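Structure, as structure tokens:
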Amino acid sequence: MAAQSAIAATHTQADSAQADSAQPTPDLAALKTRQQAVWSSGNYAIVGSTLQIVGEELCEALDLKAGSKVLDVAAGNGMASLAAARRWCDVTSTDYVPALLERGRARAAAEGMQIEFKEADAENLPFDDNSFDTVLSTFGVMFTPNQDRAAAELMRVCKPKGQIGLANWTPDGFIGQVFRTLGKYLPPPAGTKSPALWGTSARLTEMFDADARSIRAESRIFRFRYRSPAHFLDVFKTYYGPVLKAFAGLDPAKQEELHNDLHALVVRMNRSGDGTMVVPSEYLEVVITKR
């Protein structure tokens, strides 16, 4: 049940996850521990590697300059870290899942890229104030249980007039709808905020506006390309921790229902025109300039 609660918190939607004043305060520390176990399961690197173009486009949106000191937070297997290193930046790649950092190290070594990898909690970054020219996170920091604390940490370690670059799934995009579907089967812990809130301009303003000179958020599309809808589901059920754990936490009948619901979602959004899968998924590309 604890693992199910962590997964549900990961998948709740913005329109249903706002904390009500009458709800109990969630144990965010315990929830983070359970979420860490979820993201440590499977092998997110298999999925993360397919998202590489998002890191490249975010680095272009930030107009990264060679020699810039860059921190990648909740970096997974180093998608944005590699993109920044390809632009000759001084990159530190962090995550709280050691196995993902090892995947990032292997990728960097294979490409001859110099990147420092460090285990770190996005809500308690082990760096001094004003340490980095640019702070990045692609589909990572949005999953932290304590959103305000994580946002404050991103801002704290960024230098004055530096930039924070984010790529966050939106509530109504494909991945947002995947989360919503999972939430039907695994209700969220009371009082938790949806990760999908990071994909809304309103929530970004709440978290960052006080210390920001500007916040630019633009809708972008990433296209999931797989051999077929069945292939996508097989990959996500095998390697993507939240989906893997969701299925593991359900009885066989509910597993079949969830599979059918996800398959129907993919088929409905598929734009391939043949037997393969090409599904557009909206995300918010965010560039925040610190005061």
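Data overview
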read-out: Selected from 92, 25, 170 as most flexible by GNM, with the chain as the system and alpha-carbon contacts under 10 Å; value: 25
read-out: Spacing of the two label points (7 Å from each Cα toward its C-beta) at residue 253 and residue 33, in nm; value: 3.4 nm
read-out: Point-charge dipole on Cβ atoms (K/R +1, D/E -1) for the range 251-291, about Cα centre, debye to 20; value: 400 debye
read-out: Distance (nanometres) between label positions extended 7 Å along Cα→Cβ at residue 49 and residue 291; value: 4.5 nm
read-out: Mean accessible surface per residue for the chain, computed with a 1.4 Å probe while every protein chain stays in place, in Å²; value: 42 Å²
read-out: Interchain or long-range residues, amide H under 5 Å from residue 135's placed H; value: 71, 163, 164, 165
read-out: Residue-wise HN-Hα coupling along the range 166-172, computed from phi with Karplus coefficients 6.51, -1.76, 1.60 (Hz; x: Gly, Pro); value: 10, 10, 10, 4, 8, x, 9
read-out: The chain, helix-only ellipticity at 222 nm - DSSP H runs n ≥ 4, -39,500 (n - 2.57), divided by all residues, nearest 500; value: -13000 deg cm²/dmol
read-out: Taking all pairs of distinct alpha-carbon atoms in the range 221-281, Kirkwood radius in angstrom; value: 12.0 Å
read-out: Peptides ranked, highest mean first, by Cβ atoms within 10 Å: ranges 190-197, 45-52; value: 190-197, 45-52
read-out: Kyte-Doolittle mean at least 0.0, axial Cα span of 30 Å or more - DSSP H helices of the chain; value: none
read-out: Residues residue 274 and residue 131, FRET efficiency given R0 of 51 Å [Cβ-Cβ distance, rounded to 0.05]; value: 0.55
read-out: Spread of Cα-to-Cα distances over 10 Å intervals beginning at zero, given as percent, for the chain; value: 7, 29, 37, 21, 5, 0
read-out: Phi to ³J(HN,Hα) by Karplus 6.51 cos²θ - 1.76 cosθ + 1.60 over the range 70-82, Hz, x for Gly, Pro; value: 10, 10, 9, 9, 6, 6, x, 9, x, 4, 6, 4, 5
read-out: With every protein chain in place, the range 197-245: carbon and sulfur % of accessible area (1.4 Å); value: 43 percent
read-out: Using θ = phi - 60° and Karplus 6.51 cos²θ - 1.76 cosθ + 1.60, couplings along the range 210-219 (whole Hz; Gly, Pro as x); value: 4, 10, 10, 6, 7, 10, 10, 10, 10, 5
read-out: Inter-site label distance for residue 69 and residue 206 at 7 Å from Cα along Cβ, in nm; value: 3.3 nm
read-out: Enclosed volume per residue, in Å³, of the convex hull spanned by Cα atoms of the range 148-282; value: 129 Å³
read-out: Exposure of residue 129 as accessible area (Å², to 10), given a probe of 1.4 Å and all protein chains; value: 90 Å²
read-out: Principal axes of the range 110-188: Cα extent on each, largest first, Å; value: 41, 35, 23
read-out: Mean separation of Cα contacts under 8 Å, 6 or more apart, over the residue count of the chain: relative contact order %; value: 26 percent
read-out: Long-range HN-HN contacts of residue 223 with modeled amide H, under 5 Å; value: 281
read-out: Antiparallel DSSP beta bridges within the chain, as percent of all bridges there, nearest 5; value: 55 percent
read-out: Cα-based equivalent ellipsoid, the range 46-170: semi-axes from gyration tensor eigenvalues, Å; value: 19, 16, 14
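The values are calculated or read from the model by the stated rules, or taken from the named source; none is laboratory data. Just so we're clear, the structure is a prediction, and the values are computed from it rather than from any experiment. Note that we place each Cβ from the backbone using ideal geometry, even for glycine, and neighbour counts take in every protein chain shown. For accessibility, only protein heavy atoms count, side chains too; no ligands or nucleic acids. Shrake-Rupley method; radii C 1.70, N 1.55, O 1.52, S 1.80 Å.
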